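A.B. asks: Quick one: structure below, then a few questions.
The values are calculated or read from the model by the stated rules, or taken from the named source; none is laboratory data. Fair warning: this is a prediction, and the values are worked out from it, not measured in the lab. Using ideal geometry, Cβ is built from the backbone for each residue, glycine included, and neighbour counts are taken over all protein chains shown. For accessibility, only protein heavy atoms count, side chains too; no ligands or nucleic acids. Shrake-Rupley method; radii C 1.70, N 1.55, O 1.52, S 1.80 Å.
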Amino acid sequence: MSQPNDDFKRELGLLDGTMLVVGSMIGSGIFIVSADIVRQVGSAGWLTLIWVLTGMITVIAAVSYGELSAMFPNAGGQYVYLKEAYNKLIAFLYGWSFFAVIQTGTIAAVGVAFSKFAAYLYEPLSDENILFSLGAFNLNAAQIVSIITIIFLTYLNSRGVKDSKMLQTVLTIIKILSLLGLIIFGFTLAAKADIWNANWNNAFELKSYNKDTHEWMSVAGKGLIAAISAAMVGSVFSSDAWNGVTFIAGEIKNPKRNVGLSLFLGTFIVSAIYVMANMMYLAVIPLQDIAFAKSDRVGVVASQNIFGDSGTIIIAVMIMISTFACNNGLIMAGARVYYTMAKDGLFFKQAAVLNHASVPSWALWAQCVWASALCLTGKYGDLLDFVVIIVLIFYILTIYGIFILRKKRPDAERPYKAFGYPILPALYLIVATALSIGLLLTKFSTCGWGVLIMLLGIPVYYFTKPD
């Protein structure tokens, strides 16, 4: 029988790293969240600005992370950066939140998105097909499909990075080409001047839809911050998970160069695709139809306008490929954080063991169990509302950590330095802090729970930390 290994194998190149960034970022969000953004800001200009601003801060964050990834080119990524810049408590709070909500909640939601669009192709897989009931608990077919995909991808990743990296790269390339194809066909086959012109009429008139009165309300003053903060929840979530490549730095060839370059290339590619996709939506769908697309499925409406009745099938297959590749990247990356925490004595010690394929299989399966449980609760949608605020808080802390480490370790080797330092990292801190404050002020009922989950990690840390 093969014995466990002590070291990761460096088997991932620049293309693999970039495809992991792209594949982890692009899930189902780009096909859905623009509907809610339009309901929050009410115009084509503001819709476009929200996506451009999100892309800018995402790329700035990614190139800033490049300095940290070059300084600490090992498994664990953001967890390691926080530990080195601050202390083990801050790092643990990140890891705690990461396992409790951020990564597992996202894996669950992406798995359910896969199953929902699988039901487009085969209706019995829908969440309306109840297979088992016990009191208030209902088990539906969509949940089973979600869990099966999570288990399959966990099994694949437990066999080593070679198979999972090949799947990630191939599916992500297909995903990119499919999205670009949808954008190109949208502009060439379905774009209409009257729709485009109507959408850009009063392009920067800011207004929000009130679901209680079913009326559009002009936004000004304090309402401006609330509207922009609410609108950016979807775009920020859709642009998240780019930092996954830092978690697997221990398996990247020449990590001091390739991790940072993967971060820049991946986030830039995705941000550009997202902006182009929304420009295409505005060319083929009236603004009102974007805002009130059935179940917010803007991508479905666009595909139907482009390809006719077959559009639903085309977009369903695209989103299934997209979400499948997204979850493969999330599952691969997440387990490396628990591995590094376990090495520090801050997670179950079994998670620090690599199997014969040089991957942390116990950590992978622990992640699988909790993500599957979140699928069964039916509360993953609520959990995602909690995710964005926690993600932003730790991004802010991590990028501020660059400033701290410049003072704490001025002579440390920095093969790559944060682009535009200190201006661009400071700009990110300002924008992300303003967004976080806006969310706490306007969505405390959901974001407050996210902060509470994070803070619950403090007593857990002091109760479980090694002496």
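A.B. asks: Only one residue in D127, D163 is over 15 Å from S322 (Cα atoms), touching a Leu at 6+ places or on another chain (Cβ under 8 Å) and at pLDDT below 85. Which one? Walk me through how you get there before you give the answer.
C.D. replies: On the way: D127 fails: touching a Leu at 6+ places or on another chain (Cβ under 8 Å).
Exactly one residue qualifies, and that residue is D163.
A.B. asks: Something else about it: Give the residue, chosen from D411, D467, that is out of contact with any Asp or Glu (no Cβ under 6 Å at 6 or more places or on another chain), acidic (D, E), assigned to a loop (DSSP other than H, G, I, E, B) and at pLDDT below 90.
C.D. replies: Details: D411 fails: at pLDDT below 90.
After ruling out the rest, the residue left standing is D467.
A.B. asks: What are the pairs with Cβ atoms under 9 angstrom where one residue, in segment 343-363, is free of Cβ contacts under 8 Å to residues at least 40 places away in the same chain and the other, located anywhere, is open to solvent by less than 10 Å² (accessible area, probe 1.4 Å) and of a type in the set (D, E, K, R)? Sequence gap at least six, or different chains.
C.D. replies: That search, which allows pairs on different chains as well, returns P360/R336; A363/R336.
Conditions tested, residue by residue: (1) under 18 Å from the mean Cα position of the chain (by Cα); (2) of a type outside the set (D, E, K, R); (3) surrounded by fewer than 23 Cβ atoms within 10 Å (Cβ to Cβ).
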site: V300; (1), (2), (3): no, yes, yes
site: G308; (1), (2), (3): no, yes, yes
site: G311; (1), (2), (3): no, yes, yes
site: M320; (1), (2), (3): yes, yes, yes
site: G329; (1), (2), (3): yes, yes, no
site: M332; (1), (2), (3): yes, yes, no
site: Y339; (1), (2), (3): no, yes, no
site: K349; (1), (2), (3): no, no, yes
site: W362; (1), (2), (3): no, yes, yes
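A.B. asks: Filter segment 13-56 down to residues that are of a type in the set (A, V, I, L, M, F, W, C) and touching a Leu at 6+ places or on another chain (Cβ under 8 Å), then give me how many there are. If you could, list the steps in order and put the result at the bottom.
C.D. replies: Step one: list which residues in segment 13-56 are of a type in the set (A, V, I, L, M, F, W, C), which gives 14-15, 19-22, 25-26, 30-33, 35, 37-38, 41, 44, 46-47, 49-53, 56.
Among the residues that remain, those that are also touching a Leu at 6+ places or on another chain (Cβ under 8 Å) are: 14, 20-21, 26, 30, 37-38, 41, 44, 46-47.
Final tally of qualifying residues: 11.
A.B. asks: For segment 1-102, please list each of the helices (runs of 4 or more DSSP H) lying entirely inside it that holds at least 1 residues being within 30 Å of I174 (Cβ to Cβ).
C.D. replies: On the way: elements: 14-25, 34-41, 44-71, 78-85, 88-97.
Filter on segment 1-102 gives 14-25, 34-41, 44-71, 78-85.
A.B. asks: Among the residues in segment 409-428, are any hydroxyl-bearing (S, T, Y) and within 21 Å of the chain's Cα centre (by Cα)?
C.D. replies: At the first step, the residues of segment 409-428 found to be hydroxyl-bearing (S, T, Y) are 416, 421, 428.
Now drop any that are not within 21 Å of the chain's Cα centre (by Cα), which leaves 428.
Looking for residues that are hydroxyl-bearing (S, T, Y) and within 21 Å of the chain's Cα centre (by Cα), one finds at least one in segment 409-428, hence yes.
A.B. asks: Anything in segment 110-139 that is open to solvent by less than 30 Å² (accessible area, probe 1.4 Å), closer than 15 Å to I32 by Cβ and hydroxyl-bearing (S, T, Y)? List them, or say none.
C.D. replies: Scanning segment 110-139 gives a single hit, S115.
A.B. asks: I would also like to ask the following. Find the residue count for segment 194-239, including only residues that are over 16 Å from K443 (Cβ atoms), open to solvent by 70 Å² or more (accessible area, probe 1.4 Å) and part of a helix (DSSP H, G or I).
C.D. replies: 3
A.B. asks: Counting only residues that are hydrophobic (A, V, I, L, M, F, W, C) and either surrounded by fewer than 24 Cβ atoms within 10 Å (Cβ to Cβ) or without any contact (Cβ under 8 Å) to a residue 12 or more places away in the chain (or both), how many does segment 81-92 have? So that I can check it myself, show each step before the final result.
C.D. replies: Let us first name the residues in segment 81-92 that are hydrophobic (A, V, I, L, M, F, W, C), namely 82, 85, 89-92.
From the residues that got through so far, the ones that are either surrounded by fewer than 24 Cβ atoms within 10 Å (Cβ to Cβ) or without any contact (Cβ under 8 Å) to a residue 12 or more places away in the chain (or both) too are 85, 89-90.
Going through segment 81-92 one residue at a time, the tally reaches 3.
A.B. asks: Being touching a residue at least 40 places away in the same chain (Cβ under 8 Å) and either in a helix (DSSP H, G or I) or under 21 Å from the mean Cα position of the chain (by Cα) (or both) is the filter here, so list the residues in segment 131-155 that pass it.
C.D. replies: Answer for segment 131-155, where residues must be touching a residue at least 40 places away in the same chain (Cβ under 8 Å) and either in a helix (DSSP H, G or I) or under 21 Å from the mean Cα position of the chain (by Cα) (or both): Q143, S146, I147, T149, I150, I151, L153, T154.
A.B. asks: Please enumerate the residues belonging to segment 417-442 that are crowded, with 19+ Cβ neighbours inside 10 Å and part of a loop (DSSP other than H, G, I, E, B).
C.D. replies: The answer is A418, and nothing else.
A.B. asks: Only one of these conditions is not met by G27: (1) open to solvent by less than 10 Å² (accessible area, probe 1.4 Å); (2) modelled with pLDDT of 90 or more; (3) within 25 Å of T104 (Cα to Cα). Which number is it?
C.D. replies: (2)
A.B. asks: Here are some conditions: (1) under 20 Å from L397 (Cβ atoms); (2) of a type in the set (A, V, I, L, M); (3) open to solvent by 30 Å² or more (accessible area, probe 1.4 Å). L53 meets all but one. Which one does it not meet?
C.D. replies: Looking at each condition in turn, L53 falls short on (1).
A.B. asks: So, in segment 385-412, of the ones that are open to solvent by less than 40 Å² (accessible area, probe 1.4 Å) and of a type in the set (S, T, Y), which residue ends up farthest from Y86 (Cα to Cα)?
C.D. replies: Y395
A.B. asks: Within segment 156-186, track down each residue that is surrounded by 15 or more Cβ atoms within 10 Å (Cβ to Cβ) and free of Cβ contacts under 8 Å to residues at least 24 places away in the same chain.
C.D. replies: none
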